[in-house]
Amino acid sequence: MISFICNNKEVFEDCPSGLPVLDWIRSQTALKGTKEGCREGDCGACTVIIGRLVNEEVKYSASCSCLLPIGEIAGCHLVTIEGISEGEKLTPFQKSFYDQAASQCGFCTPGMIMSLTGNLLSTKEFSSEAAIEALDGNICRCTGYLAVKRAVDNVMKTLPSEYDNRIEMLIDNGHIPDYFKTIPGRLKNLPVLKKIARGPVVAGGTDLYVHSSDNLSAQEPTFLSLDPKLNYIKTDNKHVRIGSTVTFAQLRESKIITELFPSLKSFLLRVSSTQIRARATVGGNIVNASPIADITIILLALNTTLRISERHIPLCDFFLGYKKLDMQPDDILKEVSFPVPAQGTVLSSLKVSKREFLDIASVNSSMLIRVEDNIILNARVAAGGVSPIPLLLVKTSDYLCGRNLTEKTIETACSIAASEISPISDVRGSKEYKIKLLQAQIRAHLTRGVKS
Ligand SMILES: Cc1cc2nc3c(=O)[nH]c(=O)nc-3n(C[C@H](O)[C@H](O)[C@H](O)COP(=O)(O)OP(=O)(O)OC[C@H]3O[C@@H](n4cnc5c(N)ncnc54)[C@H](O)[C@@H]3O)c2cc1C
Ligand code: FES
Ligand code: FES
């Protein structure tokens with residue numbers, strides 16, 4: 001039995017815990033506002049808000065229900081579009097979309113309203129910019145985005161900058177109904193009955209559910225994200241240690257990470273979307289072994305070590321071939337750790353993709369670099385999309401260390417890089433284009449390194 005609160009109602013459901021939340025929602029006759037579009041996390045039509053009780057407080061975030069197994073929301077508050085207003089009354093965002101003609105066929109609208117409401121419930125500060133950013137995982141195919149932007153701006157202007165209690169303020173302003181006040185107490189009293197996991201390991205599910213949703217629907221997966229022991233970011237000033245279920249959103253919000261690598265916060269906006277970042281984990285990004293995995297490329301540049309079960313292995317030795325890993329079927333990646341870089345070291349990360357947002361890379365790369373008096377004291381560069389595996393460019397990195405940073409050095413580094421990669425031509429670009437992309441990125445990393 002899986003128990004949760006859906007909108008204002010306690011639910012006790014006897015179904016496989018691998019069932020996607022979207023399929024459960026669509027099977028309820030009163031909940032048809034959540035739409036099924038791509039089933040791949042790409043369109044945002046299925047967006048819901050999940051509230052999880054953390055230290056007496058409910059933390060809300062928007063999520064794609066097509067990639068979210070129902071077992072993960074045991075003990076949580078599931079909010080669908082029907083749960084953010086009472087009766088026929090429209091919320092300020094719904095009314096503003098209507099007033100600004102921001103909805104034509106309306107298929108994408110519930111998902112957009114849920115992303116915007118999710119942002120109000122979770123953002124540190126209210127701003128039009130942050131609200132628009134929260135729509136980075138919602139695609140509209142007929143209205144266009146200018147009317148949506150106008151509708152969002154008009155609402156964001158009306159929100160107070162100061163308030164005592166966010167939930168009460170949002171209730172007073174009509175963004176959520178009164179029953180939200182009762183949710184923390186009700187979640188605390190909800191019996192959470194654990195199911196015995198027998199199925200495959202799921203972390204965020206953002207890779208697995210894209211490919212194997214039908215297969216997982218009938219299973220009882222092992223949900224790593226429910227294990228608090230795997231979720232932390234800490235440092236002893238020599239190393240940074242990250243539990244494998246840390247999400248991209250947590251990385252982006254982490255003080256430890258953003259203080260060490262200030263540019264990462266904006267780079268991470270280019271990685272998937274708000275809904276996916278709320279679920280996708282660091283461990284899943286590595287074990288999925290995609291040659292263009294953005295976080296893996298960064299971690300390679302940072303000289304990361306993996307703790308798999310009780311074994312330690314350098315990340316650069318983990319990939320044995322395309323999707324072939326130095327790992328046994330029952331192994332669990334528990335932690336990634338890397339040395340705190342020396343003072344003056346800069347992490348530079350770049351990604352070129354066909355679409356600016358919500359797209360995977362044609363080529364991505366990261367360089368950890370320290371330059372003093374125009375001498376490269378340290379450089380470590382990794383690249384994706386240029387080989388069957390996420391690749392540490394060993395020869396290029398070795399060449400750069402100790403050199404004067406001159407045009408000749410940059411040119412030589414670019415030609416060494418070209419010699420140690422083996423890109424293929426595919427939908428993301430020809431082999432020749434990818435070589436040029438990587439060389440342009442190496443040049444840009446080195447120029448950034450000089451500037452800082
Ligand atoms: C719309 C969309 C956009 C995306 N955009 C990007 C992008 O821009 N950049 C990018 O890099 N990726 C992107 N992805 C891919 C995906 O989000 C990431 O690869 C993510 O990190 C996968 O993590 P997860 O926790 O969801 O993995 P899951 O799907 O839960 O798992 C992936 C695989 O890893 C295994 N696994 C997971 N964690 C562990 C562990 N700790 N130990 C052992 N095995 C484990 C699982 O069994 C499974 O085989 C996108 C995905 C979607 C759906
Ligand atoms: S149906 Fe498209 S993101 Fe879920
Ligand atoms: S209004 Fe039709 S897809 Fe957005």
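Rounded to the nearest whole Å², what accessible area per residue is found for region 1-226 with the 1.4 Å probe?
46 Å²
A DSSP coil position with no more than 14 other Cβ atoms inside 10 Å describes the following trypsin sites (Lys or Arg not before Pro) in region 201-243: Lys238. Applying 1/(1 + (r/R0)^6) with R0 = 45 Å to the Cβ-Cβ distance of Ile313 and Ala130 gives a FRET efficiency near 0.70. Can you find, among Gly199, Gly137, Phe319, the residue sitting farthest towards the positive end of the charge dipole of the chain, where Lys and Arg contribute +1 and Asp and Glu -1 at Cβ? Most positive-ward Cα: Phe319. A crude spin-label estimate for the pair Lys181 and Ser422, with each label 7 Å from Cα along the Cβ direction, gives 6.6 nm.
Among the listed pairs Lys324/Lys431; Lys234/Lys265; Lys255/Lys436, a Cα-Cα separation exceeding 27 Å is found for Lys255/Lys436. Per-residue ellipticity at 222 nm, computed for the chain from helices alone with -39500 (n - 2.57) per DSSP H run of at least four residues, works out to -8500 deg cm²/dmol. Residues Ser244, Ser266, ordered by accessible area of protein heavy atoms at a 1.4 angstrom probe radius and largest first, appear as Ser266, Ser244. Scanning the chain for GluC sites (Glu not before Pro) lying in DSSP loops with no more than 11 further Cβ atoms inside 10 Å, the longest uninterrupted stretch between such sites is 163-309.
With θ taken as phi - 60° and the Karplus curve 6.51 cos²θ - 1.76 cosθ + 1.60 applied, the whole-hertz 3J(HN,Hα) list for region 210-223 is 5, 9, 10, 4, 4, 5, 6, 4, 9, 9, 10, x, 8, 9 Hz, x standing for glycine and proline.
Under 5 Å between amide hydrogens, built in the peptide plane, is the criterion, and for Asp359 it picks out Ser272 among residues at least 5 positions away or on other chains. Note on Lys181: aspartates and glutamates with a C-alpha under 13 Å away, same-chain residues under 8 apart excluded, are Glu56, Glu57, Glu168, Asp172. In the chain, the portion of solvent-accessible area held by carbon and sulfur atoms comes to 52 percent [1.4 Å probe, whole percent, DNA, RNA and ligands not counted].
Here is the list for region 1-80: trypsin sites (Lys or Arg not before Pro) lying in DSSP coil, each with at most 14 other C-beta atoms within 10 angstrom of its C-beta, are Lys32. Accessible area ranking (1.4 Å probe, heavy atoms, ligands and nucleic acids excluded), largest first, for Arg270, Arg355, Arg198: Arg198, Arg355, Arg270. The angle between the Cα long axis of helix 145-156 and the main principal axis of the chain comes to about 70°, on a 0 to 90 degree scale. By a 1.4 Å probe calculation restricted to protein chains, Ile375 has an accessible surface near 60 Å², given to the nearest 10.
The values are calculated or read from the model by the stated rules, or taken from the named source; none is laboratory data. Since this is a predicted model, take the numbers as computed values, not measurements. Cβ coordinates were reconstructed from backbone atoms using ideal geometry, including for glycine residues, and neighbour counts include every protein chain displayed. With ligands, DNA and RNA removed, areas are computed over all heavy atoms of the protein, side chains included. Shrake-Rupley method; radii C 1.70, N 1.55, O 1.52, S 1.80 Å.
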